[in-house]
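Below is one structure, written out as structure tokens; comments come after it.
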Amino acid sequence: MSENGVQAPAEPDSVAAWNETWKGSLDASPPDLDTPSLENDIDRLKLEFLAPFLGKKGRAVEIGCGSARLLARVGKAAPLELFAVDTSPAALAVARATSKAIGIPITCIQSDARHLDLETGSFDLVLSGGLLEHFPDPRPVLAEMVRILRPGGVFYADVVPRKLSWYRRRDLFRMIRSPWMLPGVYESAFGARYYRRVLEELGCVDVVSRGCGVYPARNPRKWLRYTERLDGTAIGDLLGWYFMLSARKAG
Ligand SMILES: C[S@@+](CC[C@H](N)C(=O)[O-])C[C@H]1O[C@@H](n2cnc3c(N)ncnc32)[C@H](O)[C@@H]1O
């Protein structure tokens with residue numbers, strides 16, 4: 001039994017499962033960052049949250065980058081040097097296509113989030129999106145993300161916990177039945193409070209979380225327009241389907 005009470009294998013090796021998932025996107029176009037869509041609306045909200053932390057220079061890295069869509073948005077918003085890390089060669093191929101599509105260089109590195117081949121204190125901004133919930137014990141990943149930050153550097157993550165929410169209510173049966181949301185892909189139930197505590201233990205300050213995404217699975221974009229103001233409120237924490245985290249490494 002893992003710490004959050006969900007029965008899960010000691011440490012699932014999801015690397016192959018993720019690579020299979022990304023292989024399906026290899027022939028597809030890179031993510032469309034402009035056409036109106038729920039994903040692009042959510043990205044806009046993530047960028048609004050991140051904007052106060054974006055410097056005029058420095059190095060940003062996205063861990064578990066997938067298509068690197070969030071990193072691409074960061075690169076469009078601020079002139080940072082961009083790095084993308086994933087275990088999946090297929091994901092990194094998609095990240096390269098994203099880089100080409102936006103016309104901003106991204107250095108793609110194949111590395112495991114639990115043991116990053118990156119120098120200590122070498123980044124100003126370390127990001128992850130939809131990564132941390134896939135580890136029964138996310139602490140080694142958090143520790144690595146904080147290790148590679150320079151003192152005073154910014155940590156950002158968004159997390160989709162295994163919990164009942166308005167948007168994901170149809171996943172409830174799947175959540176109850178199995179910790180494997182996709183074949184080979186585990187999802188933990190750790191909430192924002194858990195991550196805030198671990199980040200503080202790792203020497204971070206100004207640790208903040210924001211519960212987000214209060215809308216139903218049907219017509220979410222229509223509702224988001226009205227409900228986005230609930231992000232960051234107690235209702236957002238309770239009914240939202242994901243949360244964002246930010247912190248600074250003590251300097
Ligand atoms: C849900 S996807 C998120 C992708 C992207 N960040 C996004 O928000 O669209 C999780 C990503 O984490 C990567 N991943 C899973 N385990 C990893 C590990 N141990 N080290 C590095 N990346 C990993 C997967 O290959 C996948 O691309």
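No lab work stands behind these numbers, since they all come straight from the coordinates. Predicted model only: the values in this text are computed from it and were never measured. Neighbour counts run over all protein chains shown; Cβ positions are idealised from the backbone, glycine included.
For segment 106-159, which GluC sites (Glu not before Pro) are both in a DSSP coil and crowded by at most 12 other Cβ atoms within 10 Å? Before the final figure, lay out each step's value.
On the way: sites: Glu119, Glu133, Glu144; in loops: Glu119.
Answer in residue order: Glu119.
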*Cα to Cα, under 19 Å, and not fewer than 8 places away if on the same chain: which aspartates and glutamates meet these conditions relative to Lys100?*
Asp27, Asp32, Asp34, Glu62, Glu81, Asp86
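Note the full-extension length gain between Val15 and Glu81 as 0.36 nm times their separation in residues minus their Cα-Cα distance, in nm to one decimal.
Values: separation 66, 0.36 × 66 = 23.76 nm, distance 2.66 nm.
Gain on extension, Val15 to Glu81, equals 21.1 nm.
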*Three principal axis extents, largest first, for the C-alpha atoms of segment 15-249, in Å?*
42, 41, 33
*Most mobile of Pro105, Pro89, Pro179 per a Gaussian network model of the chain (Cα springs, under 10 Å)?*
Pro105
*How far apart, in nm, are the 7 Å Cα→Cβ label points at Val208 and Asp41?*
2.3
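Please rank Asp124, Asp112, Asp117, fewest neighbouring Cβ atoms within 10 Å first, as an exposure proxy. The partial results should precede the final answer.
Numbers: Asp124 19, Asp112 16, Asp117 9.
Ranking Asp124, Asp112, Asp117 by Cβ neighbours within 10 Å, fewest first, gives Asp117, Asp112, Asp124.
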*Points 7 angstrom from Cα along the Cβ direction at Ala234 and Arg221: gap in nanometres?*
3.4
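Under the definition of Cα pairs under 8 Å and six or more residues apart, what whole-number percent is the relative contact order of segment 15-249?
Numbers: 473 pairs, mean separation 41.4, N = 235.
Dividing the mean separation by the residue count of segment 15-249 yields 18 percent.
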*Of Ile109, Ser29, Gly236, whose Cα points farthest to the positive end of the dipole of segment 15-249 (charges on the beta-carbon: +1 Lys, Arg; -1 Asp, Glu; origin at the Cα centre)?*
Gly236
*Which residues make up the longest stretch of the chain that has no trypsin sites (Lys or Arg not before Pro) in a DSSP loop with at most 14 other Cβ atoms within 10 Å?*
58-217
*Taking the Cβ of Lys46 as the center, what net charge do the other residues with Cβ under 11 Å away carry, scoring Lys and Arg +1 and Asp and Glu -1?*
-2
*Work out the FRET efficiency for Ala101 and Arg174 from their Cβ-Cβ distance, taking R0 = 30 Å, and round it to the nearest 0.05.*
0.35
*Okay, helix-only estimate at 222 nm for the chain: each DSSP H run of n ≥ 4 adds -39500 (n - 2.57), divide by all residues, round to 500 deg cm²/dmol; what do you get?*
-9500 deg cm²/dmol
